[in-house]
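Every number in this text was worked out from the coordinates using simple rules, so none of it is lab data. Everything numeric here is computed off the predicted structure, so don't read it as measured data. No Cβ is skipped: glycine too gets one built from the backbone with ideal geometry, and neighbour counts run over all protein chains shown.
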Amino acid sequence: MSAVDASPNPADPAPGTGSAPLATPQVRTLLLTDLCDSTTLVERLGDTAAAELFRAHDRLVLALQQRWHGRLIDRSDGLLLLFERPIDGLGFALDYARGLRELGERNQLRRHGMTLQARAGLHVGEVLTWRNSEAAVSVGAKPLEVEGLAKPMAGRLMTLARPGQILLSATAEPMARRATGELEARGEHLVWKHWGRWRFKGVPQAQEIYEVGEPGLAPLRAPRQNRAKAWRDIPLWRRPAALAAELLLVAGLVGGGWFLTRPQPALAFGERDWVVVADLRNLTGDKLLDDSLEQAFRLSLEQSRYVNVLSDLKVRETLGNMQRKPDAPVDRAIGSEIALRDGARALLLPTVAEVGGRLRVSAEVIDPRTQTTVYAVSADGRGIGSALASIDEVTDQLRAKLGEALENVQKTSVALPNVATPSLDALKAFAVARNVVNTTRDRATAVGLYQRALQLDPQFALAHADLADLYAGLDEVALAAEERSKALALPQRLSPQERARIELLQQQNSGPGPYFRKAQEYLTLYPDDYRVIGRLGTNQWHQLNDFRLAEATFRRAMKPQYEGIEAVRYSLGMMLLGQERYDEALAQFRRARETGNTGPGEMYARAYDARGQHAQADKVYLASTSGRDGWQGEAAVVTGIDRGQWTRAAQAAQAWLQQAAGAGDVLESLRARAAIASLAVLAGETSAKRRVQELLAAVDAKAVAVDALYPPIATEVRLYAGLLAAHMGDATGVADALRRTQDSLAIRDYPTVAQLQQVLLAEQEQLAGKPQAAVARLRPLVAQATALVATHWALMRAEQAAGNAAGAQVQAKWLATHRGRVFVEMTTAEVLRFFNAAVSAEAMQQSAKVQVALGTNGSR
C-alpha cells in the first residue's frame with residue numbers, strides 16, 4: 001500500500017458499517033488545481049465536443065498520476081492530489097500545465113477564443129486520512145478522505161494563482177527546488193519567483209508565497225489579490241502615511257546599524273544534499289600530507305549517511321566540461337562553479353597548517369552561489385601524527401554544522417585509522433593509486449601502488465577493496481573476488497557502508513535471489529550510491545530478462561551528481577530498445593553520445609537495424625570507438641546473421657575465436673565456439689552436428705574455469721547446445737543437453753537458465769509427438785514480459801505441430817516485430833543473441849512472403 005493511502009488498519013470496518021478510524025497525522029505534499037473557465041468552455045464547444053475534451057483531460061491526468069506517483073483524492077472542475085515528495089507534486093503540475101496547452105492546441109480552442117489552463121497550489125503539511133466504507137463509496141463517497149490545515153492552505157494558494165500559474169508555500173518551495181535535478185535538463189530552465197508575504201483567511205500567520213514555471217507557459221507575475229480570502233501583508237513601515245517620517249529615521253540609522261546588525265551568512269542544507277571537496281591546501285611544506293590528508297578527509301566525511309560527497313571522478317568530469325584540465329586545482333572559485341553545475345549545496349575547503357607549533361586541520365563551508373564562507377571549523381594536534389585524529393574531529397564538526405544529528409555523528413563515526421590506515425605513508429600510496437585509476441587506468445602502476453600500501457600496512461582492508469574494483473573493471477573476475485575476500489577478512493578495518501558494499505558485490509555470484517535482497521537492503525541505507533544502482537539494473541537485465549524493471553532502476557541513477565550518468569543513459573537506451581520504444585531509445589543514445597560517451601555503439605546501431613535501416617546503423621556504429629575498425633567479433637556475427645550475410649558472419653566468428661584463444665580468454669573462446677556452432681546449424685550446413693559436439697567438448701573442458709567466473713555459464717551453454725539440436729530436429733541432442741544439466745543448481749537459482757530448460761523440455765515433448773503438452777508448458781511462460789525469444793520460437797513450433805495455425809502465426813508475428821528484444825536480450829552466457837537474430841530474420845522473411853501472397857491473391 002502506498003504511504004498516501006494511510007497505514008493499513010486492522011480495524012477497518014466491514015462493508016456498510018461506516019468509515020475506518022482516523023489514521024495518524026502524516027506529512028504529505030498536496031496539490032490543488034482548478035481548470036479555468038470550464039463552464040464557458042462547455043458553452044462554446046457544445047456538450048459532445050466538451051465531453052471528448054474532458055475525456056482526453058482525464059487520460060492525461062491518469063498518465064501523470066502514474067508517472068509522478070500521485071494519489072487522486074477528489075475532483076470536480078479541479079483536482080486534489082497527494083504525493084510523497086514535493087518534487088513529484090511539482091513534476092505533475094509542470095507536466096499538467098504543458099499537457100493542457102497541447103490538449104488545447106490539438107482541439108483548436110483558439111478558434112473559440114479560449115486557452116486550456118489551470119491554476120495550481122502546492123503545499124507540504126500534516127494531513128489526516130481515513131477510508132470510507134464500501135457501502136459509503138457505493139453511494140458516491142470518496143474512497144479516501146483527507147483533512148487538515150494543509151488542505152485549505154493549498155486551496156488558498158490555488159485560489160490566489162493566475163491561470164497557468166503554480167504557487168508554492170514556503171514549506172514546499174525549498175524541498176522542491178532542492179530536488180529539481182531529478183527533472184534533468186528541464187529543471188535547469190525553471191524560473192523561480194518570490195512574491196512576498198500574504199495573509200490568508202483562517203490562517204493566523206502570514207505566509208511566504210513562491211511561483212515556479214517554465215518561460216512561455218507560466219505567467220511569472222505577482223498573484224492577484226483576493227480580498228475575501230488572500231491579500232498582501234504590507235508592513236507598517238511601507239504604508240504611505242508612515243513612509244515620509246521613516247525615510248529620515250532609516251537614513252540616520254543605516255550607517256551605524258550596518259556594522260551592528262550586518263547579517264550572518266546561512267546555508268540551507270538538508271539530508272542527503274551534496275558537497276564538493278576542494279583540493280586540500282597544505283601550508284606545512286610536508287609533501288607527505290598533500291594527497292594523503294585529502295583522501296583521509298574524504299574517507300572520514302563519506303561515513304555520513306546525511307552528507308553526500310561528490311566523487312573525484314565526477315569532479316574531474318565536470319572540470320572537463322568546463323574546458324579545464326582534469327587535474328586543474330579545485331579552489332574556491334572553481335569548486336563553487338562545480339557545485340553549481342552538479343547540484344551540490346556546499347563547497348568544503350580543507351586546510352592543514354602549522355600554527356603556534358601545532359598542526360591545525362581546518363575546513364571552511366562555502367556557499368557556492370556567493371563564494372562566501374558560511375562557517376569554519378578546526379582542530380589542533382601535536383605533530384604530524386595527530387593529523388588523522390584532527391581530520392575526524394573536523395568532519396564530525398562539519399556534519400553537525402550541516403544539520404546532522406549529533407547522535408548520528410557519534411553513532412556512525414569510525415576513527416580513520418580503523419576505516420583506512422594509521423600509516424600516512426600507506427595512505428599516500430593509496431591516494432596516488434586512486435589518482436592513477438581515475439586518470440590513466442594504468443593497471444601495472446595502480447596495482448604496484450596498492451601493493452605498496454599493503455606492504456606498509458598489511459591490514460589496510462580498503463586497499464584490498466580498491467584492488468578488487470580495479471580488477472573487476474578489467475574483467476579479471478577471479479582476482480577481484482580474491483581481493484574482496486581479503487578485505488572482508490578484516491571487517492574491523494572497514495566502514496559499515498564499505499563492508500556492506502563489498503558483501504553485496506561478492507553476492508553477485510551466489511544467485512539472483514540473495515543478491516537482489518541484499519541490494520535492496522543496501523540501498524535502503526545508502527540510496528545515493530549510484531554505482532550500486534547501475535550495477536543492480538544490469539543484473540536485473542542479464543539475470544531476470546526484465547527490461548521494465550531495469551529501466552526503472554537505471555532511471556534512479558540518472559542524477560547529475562553521478563559520474564557514470566551517461567553510461568547509465570546508454571543502458572537506459574538499451575532497456576527502451578528492448579521494449580521496442582525506438583524513438584525514446586534513440587533519444588537516449590543520441591544524448592549520451594553528444595555528451596561524450598562515444599565508446600559503446602553497437603546497441604545505438606541496433607536501434608536502426610531493428611527498423612531495417614542498416615546503412616544508418618553502419619554509420620552510427622562506425623562513429624563509435626568500438627566500431628572504428630568496422631563490425632568485428634560478436635557484433636559482426638549478429639550483424640551477418642540478421643542481414644543474411646552468412647559467409648561474412650562465419651569469417652567473423654573464426655577471427656573472433658582466434659583472437660580470444662590468442663589472448664587466453666576462456667569465456668570469449670567459448671562464446672566464439674557457440675557462434676560457430678550456431679552458424680552451422682542455422683545455415684543448415686552438413687557440419688552442424690559436429691560443430692555442436694565441438695561446443696559441448698569445449699564446455700566440458702572449460703567448465704571449471706568458466707564457472708569460477710560466473711556459475712551459470714557452463715549450464716547455459718550446454719542448454720544452448722540442446723536448443724541448437726532442437727532446431728535440427730535432433731531429439732538425442734536435446735535429451736543429452738537435459739541430462740547434462742539436470743543436477744545443476746544454476747537451473748534452480750537463475751530464472752533465465754530455468755526458462756531455457758523449459759524450452760528444451762517442450763522441444764523434447766514436441767519431437768516425441770506430444771505437441772499439446774509442449775503448448776501447455778510454454779503458454780504460461782510467454783504470457784510473462786520476461787519470456788525469452790527462444791520461448792516464443794518454441795511455442796510457435798509446438799502450435800504448428802499441434803495444428804493450431806493461428807496460434808503459430810501469433811508467435812511468428814511476435815518474432816518478426818519484437819526486434820529490439822531480439823538484439824538486447826542478454827542472459828548469463830550471452831550466447832542466445834545468435835539464435836535470436838536468426839529466428840527473427842526467418843520470421844520476417846516468412847511474414848514478407850505471406851504479404852506478397854496476400855497481395856497477389858487480392859489482385860486477381
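Local charge sum around Ala461 (other residues, Cβ-Cβ under 11 Å, Lys/Arg +1, Asp/Glu -1)? Before the final figure, lay out the partial values.
Numbers: positive: Arg484, Lys486, Arg493, Arg499; negative: Asp457, Asp466, Glu483, Glu498.
Around Ala461, the surrounding residues sum to 0.
Using the beta-carbon distance between Asp425 and Ala328 and R0 = 30 Å, what value does 1/(1 + (r/R0)^6) give for FRET efficiency, to the nearest 0.05? Walk me through the numbers before you get to the answer.
Values: r = 27 Å, r/R0 = 0.90.
The value I calculate is 0.65.
Which translational diffusion coefficient, to the nearest whole µm²/s, is obtained for segment 713-794 from the Stokes-Einstein equation, given a Kirkwood hydrodynamic radius over C-alpha pairs, 25 °C and 0.890 mPa s?
On the way: Rh = 12.4 Å.
Answer, rounded: 197 µm²/s.
Pop a pseudo-label 7 angstrom from the Cα along the beta-carbon direction at both Arg224 and Asp707 and give the gap in nm to one decimal.
Roughly 7.7 nm, to one decimal.
Grab the beta carbon distance between Glu694 and Leu525, set R0 = 45 Å, and tell me the FRET efficiency rounded to 0.05.
The computed FRET efficiency comes out at 0.40.
Once R0 is set to 45 Å, what does the formula 1/(1 + (r/R0)^6) return for the Cβ-Cβ distance between Arg628 and Ala63, expressed as a FRET efficiency to the nearest 0.05?
On the way: r = 42 Å, r/R0 = 0.93.
Efficiency, rounded to the nearest 0.05: 0.60.
Full extension from Arg369 to Ala552: what is 0.36 nm times the residue separation minus their Cα-Cα distance, to one decimal in nm? Please report the intermediate quantities before stating the final value.
Working: separation 183, 0.36 × 183 = 65.88 nm, distance 3.30 nm.
So the extension gain works out to 62.6 nm.
What does the convex hull of the Cα atoms come to per residue for segment 273-413, in Å³?
Working: hull volume 14.3 nm³, N = 141.
It comes to 102 Å³ per residue, whole-number rounded.
How much net charge surrounds Glu594 when only other residues with a Cβ under 11 Å from its Cβ are counted (Lys, Arg +1; Asp, Glu -1)?
Numbers: positive: Arg569, Arg590, Arg591, Arg593; negative: Glu566.
Summing Lys/Arg as +1 and Asp/Glu as -1 gives +3.
Please state the relative contact order of segment 273-413 as a whole percent: Cα pairs under 8 Å, 6+ residues apart? Present the calculation step by step, with values, prior to reporting the outcome.
Values: 242 pairs, mean separation 37.2, N = 141.
That works out to 26 percent.
Please give the contour-minus-distance gain from Gln845 to Arg232: 0.36 nm per residue of separation, less the Cα-Cα distance, rounded to one decimal in nm.
Working: separation 613, 0.36 × 613 = 220.68 nm, distance 7.15 nm.
Full-extension gain reported as 213.5 nm.
Net charge around Gly403, counting only other residues with Cβ within less than 12 Å of its Cβ (Lys, Arg = +1; Asp, Glu = -1)? Working shown, then result.
Numbers: positive: Arg272, Arg345, Arg399, Lys401; negative: Glu271, Asp273, Glu404.
The answer is +1.
Segment 103-153: D in µm²/s via Stokes-Einstein (Kirkwood Rh, Cα pairs, 4 °C, 1.567 mPa s)?
On the way: Rh = 14.5 Å.
Estimated via Stokes-Einstein, D reaches 89 µm²/s.
Over the Cα atoms of segment 535-604, Rg to Rh with Kirkwood Rh, two decimal places?
0.94
Between Ser138 and Thr647, what is 0.36 nm times their sequence separation minus the Cα-Cα distance? Round to one decimal in nm.
Numbers: separation 509, 0.36 × 509 = 183.24 nm, distance 6.84 nm.
Here the answer is 176.4 nm.
Describe numerically, in nm with one decimal, the distance between label points set 7 Å from Cα along Cα→Cβ at Glu52 and at Gln616.
3.2
Whole angstrom only: what separates the Cα centroid of segment 747-769 from the Cα centroid of segment 166-223?
Value for the Cα centre distance between the two parts: 57 Å.
Where a Cα-Cα gap under 20 Å defines reach, which lysines qualify for Lys813, not counting those fewer than 8 residues away within the same chain?
Lys849
Can you tell me how segment 275-356 classifies by the Cα gyration tensor, rounded, prolate or oblate, using a/c under 1.5 as the rounded cut? Mind dumping the intermediate values first?
Values: a/c = 1.93, a/b = 1.35, b/c = 1.43.
In terms of gyration-tensor shape, oblate.
Between Tyr306, Ala333, Val275, whose Cα lies farthest towards the positive end of the dipole of segment 273-413 when Lys and Arg beta carbons carry +1 and Asp and Glu beta carbons carry -1, centred on the Cα centre?
Checked the options; the winner is Ala333.
Cα extents of the chain along the three principal axes, largest first, in whole Å?
Extents along the principal axes: 106, 85, 56 Å.
Mind checking which of Ala176, Leu94, Leu116 is farthest towards the positive end of the chain's charge dipole, using Cβ charges of +1 (Lys, Arg) and -1 (Asp, Glu) about the Cα centre?
Highest projection toward the positive end goes to Leu116.
On a C-alpha basis, how far is the centre of segment 546-616 from the centre of segment 489-540 in Å? Whole number, if you could?
Rounded to whole Å, the Cα centres lie 24 Å apart.
Can you tell me the order of 370-379, 300-309 when each peptide is scored by its average per-residue count of other Cβ atoms within 10 angstrom, highest first? Show your work: numbers first, answer last.
Working: 370-379: 15.7, 300-309: 21.1.
Top of the packing list down: 300-309, 370-379.
Relative contact order of segment 469-607: what whole-number percent is it, with Cα pairs under 8 angstrom and at least 6 residues apart?
On the way: 115 pairs, mean separation 17.4, N = 139.
It rounds to 13 percent for segment 469-607.
What does the C-alpha gyration tensor say about the overall shape of segment 166-224? Classify as rounded when a/c is under 1.5, otherwise prolate if a/b is larger than b/c, or oblate. Don't jump to the answer; show the numbers that get you there.
Working: a/c = 3.46, a/b = 1.67, b/c = 2.07.
Note, shape of segment 166-224 comes out oblate.
Above 24 angstrom, tally the Cα pairs of segment 3-237 and express them as a % of all pairs, no decimals. Mind dumping the intermediate values first?
Numbers: 13278 of 27495 pairs.
Result: 48 percent of Cα pairs exceed 24 Å.
Could you pull out which residues in segment 118-158 have an amide N less than 15 Å from a spot 7 Å beyond the Cα of Ser76, following the Cα-Cβ vector?
It comes to 141-142, 152, 155-156, nothing else.
With 26 Å as the limit, write out which pairs from Lys428/Lys518; Lys151/Lys229; Lys401/Lys486; Lys518/Lys559; Lys193/Lys229 have Cα-Cα distances beyond it, or answer none. Walk me through the numbers before you get to the answer.
On the way: Lys428/Lys518 33 Å; Lys151/Lys229 14 Å; Lys401/Lys486 37 Å; Lys518/Lys559 23 Å; Lys193/Lys229 22 Å.
Long pairs (Cα-Cα over 26 Å): Lys428/Lys518; Lys401/Lys486.
Roughly what % of Cα-Cα distances in segment 407-510 sit above 16 Å, to the whole percent?
On the way: 2985 of 5356 pairs.
Distances greater than 16 Å cover 56 percent of the Cα pairs.
For the residue pair Arg44 and Val191, what label-to-label distance in nm results when each label sits 7 Å from Cα along the Cα-to-beta-carbon direction?
Rounded to a tenth, the inter-label distance reads 2.4 nm.
With the dipole of the chain worked out from charges on the C-beta (+1 for Lys and Arg, -1 for Asp and Glu) around the Cα centre, which of Ala353, Gln809, Leu45 lies farthest toward the positive end?
Selected residue: Leu45.
Quote the convex hull volume per residue of segment 656-796, based on C-alpha atoms, as a whole number of Å³.
Details: hull volume 15.9 nm³, N = 141.
Dividing the Cα hull volume of segment 656-796 by its residues yields 113 Å³.
Assigning unit charges at the beta carbon (Lys, Arg +1; Asp, Glu -1) and nothing else, what dipole magnitude in debye, to the nearest 20, does the chain show about its Cα centre? Write down the numbers at each step before the final one.
On the way: 102 positive and 96 negative charges, 432 e Å.
With only Lys, Arg, Asp and Glu charged at Cβ, the dipole is about 2080 debye.
Name the shape class, rounded, prolate or oblate, that the alpha-carbon gyration tensor gives for segment 467-543, where a ≥ b ≥ c are the square roots of its eigenvalues, rounded holds for a/c under 1.5, and otherwise prolate holds if a/b is larger than b/c and oblate otherwise. Don't skip to the end; give the middle numbers.
Working: a/c = 1.64, a/b = 1.14, b/c = 1.44.
Cα axes put segment 467-543 in the oblate bin.
I'd like the distance separating the alpha-carbon centroids of segment 361-420 and segment 438-462, in whole Å.
So the two Cα centres are separated by 27 Å.
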